[in-house]
Amino acid sequence: MSKEQRHVVRDGDDWVVRKPGAERASSRHDTQREADRRAAEILQNVGGGERVTHGMDGRIRSKDTIAPARDPNPPKDKEH
């Protein structure tokens with residue numbers, strides 16, 4: 001599995017895509033949905049990885065493996 005990650009988090013009035021350890025956001029968006037889509041695009045371009053989406057309260061809301069990375073623990077639930 002790729003070690004790449006992107007987090008979708010709230011920053012002021014915006015939703016941002018942020019690489020762990022980075023000071024600046026990779027991109028800023030008006031909605032969480034837009035930020036989720038951009039995080040997936042970024043991860044696809046770098047060879048796949050893990051998208052971690054946080055809620056308004058900052059807690060992790062969901063995690064998704066973006067292709068072409070291989071998910072070592074495919075979900076058993078019906079979330080996606």
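No lab work stands behind these numbers, since they all come straight from the coordinates. Just so it is clear, the structure is predicted and the values come from calculations on it, not from any experiment. Virtual Cβ from ideal backbone geometry, glycine too; neighbours counted across all protein chains shown.
Of note:
- For beta carbons closer than 6 Å, sequence separation of 6+ or different chains, a first residue in region 33-60 that is farther than 10 Å from residue 17 by Cβ and a second that is outside any strand (DSSP E or B) and hydroxyl-bearing (Ser, Thr, Tyr), the qualifying pairs are 47/2; 48/2; 49/2.
- A count restricted to region 1-15 and to residues that are under 12 Å from residue 55 (Cα atoms) and either in contact with a Ser or Thr (Cβ under 8 Å, 6 or more places away or on another chain) or not aliphatic (A, V, I, L, M) (or both) stands at 5.
- Any chance residue 16 is touching a strand residue (DSSP E or B) at 6+ places or on another chain (Cβ under 7 Å), in contact (Cβ under 8 Å) with a residue 40 or more places away in the chain, among the β-branched types (Val, Ile, Thr) and within 19 Å of residue 61 (Cβ to Cβ): no
- Candidate set: region 33-52, residues that are among the charged types (D, E, K, R) and in contact with an Asp or Glu (Cβ under 8 Å, 6 or more places away or on another chain); chosen: the one nearest to residue 9 (Cα to Cα): 51
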